[in-house]
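Scroll down for the structure; my scribbles are underneath it.
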Ligand code: LLP
């Protein structure tokens, strides 16, 4: 599924770099991203949106490495953030705050101040009390806060329940029937500037229909607002486009966007999108080394040096990541559960995979560019993996492997 990954003489190569070279230089486990894959994923959006006012705001939560962010910043991307920390990263990576939208149900006063002072494009507000709080913070600073309400279109995105966000039962957004009243309220608050509307129905969407349904609902609301004299300059349709991990068949970016563009055909509002996974997921992999092969009566285990703290998705969502041996061996494949060294049965990265491997071999877990490193932890006092961006035949270490000392540098023994 990674477009710039291929085999040459039995060996896995990302762009022009052999993965064995990455492991030799930086050790394992290591996240490896392809710059060309990042760029082409972004350009798929840009090309599909050509000829109409649009802004692609990369959802930083999917992969917030400064090197990755800097690639998108250089392409003129906007960014979707959910914390003050992510805003700081965007700015450190050279991103333009004027192209930042701020999502999330729990924005603190400090985060609001930080974002106002940075001059972000829009706050995607998710509740009535958040409107009041933001108005208050803006007034204290003598500023005007641009807002969109994140509405909840109550459509079923048909994805994993943990990552569907547009249903009534979710904590996200404001109910569709309450939106009109809330917009009136927002328009009456002196330090808010009503700027747009936002929605996001879920992640790893494979069917474009629910999104088009949501878009049509949103458009209806935009027209109702206009009838009351509340005019919006942008419509933010969120992220969510899925990728291929296994045998899924997600629509191409252009095919996903086409029905949405049709809904808004001829409209002057700028269209914003907040893609995360579809920009980075298949631009990266997690490279790990086999420490032990442990044959068993019922199953065989390949115990590798990466674990659930590095890639939580399999343990958390039972997610599938394609697992390939970096060097093809001339021996018959066997079925393995690929597991980490952490003391939990849930610490698996892949199950029942046919692999022809030996101890010491390298394995690549594919489609790990999104929600991989960003969801990693230090469980079992394991330093986080290094991160590398491959660019043609060049290698950039964009995050050093964490040292053990750094893991408890903020801690204190009792005296
Ligand atoms: N905008 C908002 C408001 C979001 O909540 C999200 C993701 C995105 C944009 C980006 O969605 P994407 O294009 O990446 O689907 N950890 C889970 C995914 C959680 C998604 C949370 N929200 C996973 O590993 O699958």
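Points to keep in mind about this one:
- When residues of region 153-206 are limited to those that are closer than 11 Å to residue 240 by Cβ and modelled with pLDDT of 85 or more, the one farthest from the ligand (Cβ to nearest atom): 206
- Scanning region 354-367 for any residue that is within 25 Å of the chain's Cα centre (by Cα) and over 29 Å from residue 17 (Cα atoms) turns up nothing.
- Selection count, region 135-154, where residues are surrounded by 24 or more Cβ atoms within 10 Å (Cβ to Cβ) and in a helix (DSSP H, G or I): 0
- Residue within region 106-120 that is within 16 Å of the ligand (Cβ to nearest atom) and under 25 Å from residue 220 (Cα atoms) present: no
- Among the strands (runs of 3 or more DSSP E) confined to region 7-92, the ones with at least 3 residues that are more than 16 Å from the ligand (Cβ to nearest atom) are located at 11-14, 30-34.
- Check on residue 118, surrounded by fewer than 19 Cβ atoms within 10 Å (Cβ to Cβ), in the same structural domain as residue 197 (by TED's automatic domain parsing) and either on the phi > 0 side of the Ramachandran plot or in contact with a helix residue (DSSP H, G or I) (Cβ under 7 Å, 6 or more places away or on another chain) (or both): yes
- Among residues of region 63-90 that are not assigned by TED's automatic domain parsing to the domain that holds residue 120, those with a Cβ under 8 angstrom from a residue that is surrounded by fewer than 18 Cβ atoms within 10 Å (Cβ to Cβ) and in a strand (DSSP E or B), sequence gap 6+ or separate chain, pair up as 67/396.
- Just one of the listed residues (382, 401, 331) is touching a strand residue (DSSP E or B) at 6+ places or on another chain (Cβ under 9 Å) and farther than 17 Å from residue 281 by Cα, and it is 401.
- Of 78, 95, 85, all but one fail to be surrounded by fewer than 17 Cβ atoms within 10 Å (Cβ to Cβ) and closer than 30 Å to residue 130 by Cβ; the exception is 85.
The values are calculated or read from the model by the stated rules, or taken from the named source; none is laboratory data. The shown structure was predicted, so the numbers you read here are calculated from the model rather than taken from an experiment. Positions of Cβ are backbone-derived with ideal geometry, glycine not excepted, and every protein chain shown enters the neighbour counts.
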